[in-house]
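Student: Could you have a look at this structure, given as structure tokens, before my questions?
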Amino acid sequence: MYSVDYDEGAIRDYLDRVRWLRKQQVAQKVISDFVSEIEGLEADISADGNRFPVIDGSRAKGDAIYKAEPTRKHKYSLIFILEGKKAYILAVAAPERRPGYWLKRVIKP
């Protein structure tokens, strides 16, 4: 079991999506579905983060970078590292974002 923490950039990714959905005036259920999908991925990572694929060739401070992907409806992925009993979410990544945009984020698990 891993405790899960988020990089400030990952929190921004998440909140930006929620704000965008609200600005589009989508039904509250769409926003709730997005939140539930992210929470589901987070729970999966907490339960067994090692089961997700390592992103080939990616290293950050010697730690493998994993990708939990994608949520059903919204197609968002969680990019994370594992260190000891901690999972550190680097990005709540939209499919249309530039690959690796999150690489410069400070890793502080």
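Student: Select from segment 84-109 the residues that are touching a Phe, Trp or Tyr at 6+ places or on another chain (Cβ under 9 Å) and more than 15 Å from Tyr14 (Cα to Cα) and list them in ascending order.
Tutor: Gly84, Lys85, Lys86, Ala87, Ile107, Lys108, Pro109 - these are the residues of segment 84-109 that are touching a Phe, Trp or Tyr at 6+ places or on another chain (Cβ under 9 Å) and more than 15 Å from Tyr14 (Cα to Cα).
Student: Out of the residues in segment 1-21 that are in contact with a strand residue (DSSP E or B) (Cβ under 6 Å, 6 or more places away or on another chain) and assigned to a helix (DSSP H, G or I), which is nearest to Arg98 (Cα to Cα)?
Tutor: The residue in question is Asp13.
Student: Anything in segment 75-109 that is at pLDDT 85 or above, of a type in the set (D, E, K, R) and in a loop (DSSP other than H, G, I, E, B)? List them, or say none.
Tutor: Lys75, Lys85, Glu96, Arg97, Arg98
The values are calculated or read from the model by the stated rules, or taken from the named source; none is laboratory data. Values in this document were obtained by computation on a predicted structure and should not be read as measured data. Ideal geometry is used to build each Cβ from the backbone, glycine not excepted, and the neighbour counts take in all protein chains shown.
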